[in-house]
């Protein structure tokens, strides 16, 4: 079971952490480190792929990229990498073909408040795409579901933090 494997691989770390949202937390969900194990990456990607319903999958660099590529290969759909900054190369924030009007599922490792994925969804919408779902490995259950729902985007977690931290 994915929950047990994440715990076994040390996905939950305890201490003092500053999250992407800026919030302080006494635990951190480290999916990036766990996804360096090929078998766990494959299993997680297969579970995420079962939830995909869109024309395209997308994900924000860095954490989502291994999951995004693996899911894209499993569902045979193109993917878009969403950059955080316009620093290099073509300076485009979206890498990948973006046919206007296409529906998009955003793949994410962990969601907390939903701020990062809402910014990503806005970038996709500004490019003429239709972000419909965020499919994540872990929902920290700190407001993302509600924030996304207010923007007509569904949150589809594989696991909720309450299921891991029993």
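Result for the chain in a Gaussian network model with C-alpha springs under 10 Å: among 28, 79, 14, the largest mean-square fluctuation is at 14. Ranked from largest, the principal axis spans of the Cα set of segment 115-166 equal 41, 16, 15 Å.
Could you give the distance between the Cα centres of segment 97-122 and segment 18-55, to the whole Å? Comparing the Cα centres of segment 97-122 and segment 18-55, I get a distance of 14 Å. Adding -39500 (n - 2.57) for every DSSP H run of four residues or longer, then dividing by how many residues the chain holds, sets the calculated 222 nm ellipticity at -9000 deg cm²/dmol. Here the chain carries DSSP beta bridges of which approximately 25% are antiparallel, counting only pairs with both residues inside. Stretched out straight at 0.36 nm per residue, the stretch from residue 50 to residue 73 would grow longer than its current Cα-Cα span by 7.0 nm.
Mind pulling the angle between the C-alpha long axis of helix 115-126 and the longest principal axis of the chain? Nearest 10 degrees, somewhere in 0 to 90. For helix 115-126, the angle is close to 10 degrees.
Summarising the label geometry, the points placed 7 Å from Cα in the beta-carbon direction at residue 103 and residue 119 lie 2.8 nm from one another. For the pair residue 126 and residue 9, what calculated FRET efficiency results from E = 1/(1 + (r/R0)^6), where r is the Cβ-Cβ distance and R0 = 35 Å, to the nearest 0.05? E between residue 9 and residue 126, to the nearest 0.05, is 0.45.
Segment residue 17..residue 43, full-extension length gain: 6.6 nm, with 0.36 nm per residue of separation and the alpha-carbon distance subtracted.
Taken over the C-alpha atoms, the chain has Rg and Dmax values of 15.1, 46 angstrom.
Using C-alpha pairs below 8 Å separated by at least 6 residues, the relative contact order for the chain is 18 percent.
You can think of it this way: the chain between residue 152 and residue 28 has 41.9 nm of extra reach, that is 0.36 nm per residue less the Cα-Cα gap.
Going by how many other Cβ atoms sit within 10 Å of their own, how do 136, 34 line up, fewest first?
Least to most surrounded, the residues fall as 34, 136.
Each reported figure results from applying straightforward, stated rules to the coordinates on display, with no laboratory input. All of these numbers come straight from a predicted model, not from anything done at the bench. Neighbour counts run over all protein chains shown; Cβ positions are idealised from the backbone, glycine included.
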